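Single-structure report; data block below.
The values are calculated or read from the model by the stated rules, or taken from the named source; none is laboratory data. Quantities reported herein were computed from a predicted structural model and do not represent experimental measurements. Because the Cβ atoms are built from the backbone with ideal geometry, glycine has one as well, and the counts that use them run over all protein chains shown. Side chains are part of the model used for accessible areas, which takes the heavy atoms of the whole protein and leaves out ligands, DNA and RNA. Shrake-Rupley method; radii C 1.70, N 1.55, O 1.52, S 1.80 Å.
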Amino acid sequence: MTRIGPSRVRWFHGGRARILYNLISWHLRNATDLRFMNYGYAEEADAGNDGDQTERLCARLYDAVVASANLAGARILDVGSGRGGGALHLLRHHGAEEVTGVDYSARAIEFCRRVYENENRLSWLQGDAAAIPVPDGQFDIVTNVESAHCYPDRRAFLREAFRVLRPGGWLLHADFTPQADAPSGHVSALASQVTRSGFQDIRVTELTQGVLLGLSLDAKRRGDEITRRFPAPVRPVARLWAGLPGSWIHRDFASGRRLYYRLSARKPE
Ligand SMILES: C[S@@+](CC[C@H](N)C(=O)[O-])C[C@H]1O[C@@H](n2cnc3c(N)ncnc32)[C@H](O)[C@@H]1O
């Protein structure tokens, strides 16, 4: 069993998480077939496809996050776009008109510019979620998947999401909570921050069970990728990061000490 010590709770939060993602982007710079960095999501109907060796369940998480919205013809900003698989999925499978990915990691942005250079309706910006380098009111939808746990100032991100959306535009956000005995308190505090940022029509849905199912269906692929791509000394941390069954992050989800949720909210007309 991997033991990270008492500070483990903060490993995936704040600035340390950002450093971790940057290191991973560097390490996987030539792995052009790995295009997501999220825990994935599944429903019972997905269980029959567990031999699938692709990142299908990571794309399914994006499907779950945007399920309440109509993306046809939408201009989307994906904040914390990582390796770009989510942005491409929204373009190809949800009818988006164009998707801009913004990520703090220069390495992730360099990867996306290289891998998607022929996709002219995708564009990539290096920038901070707390100071997004785009003008006001440019986007119909802001997506934000499994990235906000890294932000030192989540309120600054919410202000920025509000600013870059057009009136009537939607914020579609998903993330996991820090480990806590009552993680639902974290989600309620977030919903209050979203309201104070000016949004309305806020809906929160818990996704933890679907994320756990996704992680177990995808465990073999994730484990094989880690063995194939990472040197032995790094594999225990990579298994943790990947949320494999047996890792403490997986146990936190299973025990209810950590929740995975999605939130949608609309900027008033
Ligand atoms: C777990 S990955 C998720 C990537 C992508 N959304 C996905 O689902 O595959 C989190 C991403 O958030 C990015 N990130 C962290 N802090 C950020 C910040 N302050 N501004 C923008 N992006 C940030 C990281 O660089 C990383 O690419």
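Observations on the structure shown:
- Of all DSSP beta bridges in the chain, antiparallel share, percent nearest 5: 40
- Cα-centred dipole magnitude for the chain, charges only on beta-carbon of K, R (+1) and D, E (-1), debye, nearest 20: 880
- Per-residue HN-Hα couplings for region 36-43 [Karplus 6.51, -1.76, 1.60; θ = phi - 60°; Hz; x = Gly/Pro]: 10, 9, 10, 6, x, 7, 8, 10
- Derived scalar couplings ³J(HN,Hα) [region 238-248; Karplus, 6.51 cos²θ - 1.76 cosθ + 1.60; whole Hz; x for Gly, Pro]: 5, 5, 4, 4, 7, x, 5, x, x, 7, 5
- Remark: accessible surface ordering of TRP170, TRP124 (largest first) is TRP170, TRP124, probe radius 1.4 Å.
- Rounded to the nearest 5, the antiparallel percentage of DSSP beta bridges internal to region 34-142 is 10%.
- Percent carbon-and-sulfur accessible area, region 142-224, ignoring ligands, DNA and RNA, probe 1.4 Å: 51
- Residues of region 12-266: accessible area per residue with a 1.4 Å probe, Å²: 42
- Comparing ALA238, TYR104, SER264 along the charge dipole axis of the chain, the residue lying farthest to the positive side is ALA238, per the Cβ-charge model.
- Taking label points 7 Å from Cα along the Cα-to-Cβ direction, GLU44 and ASP201 give a separation of 3.1 nm.
- Region 44-143: GluC sites (Glu not before Pro) in DSSP loop, at most 11 other beta carbons within 10 Å: GLU117
- With Cα atoms as the point set, the chain shows a radius of gyration and Dmax of 17.4, 53 Å.
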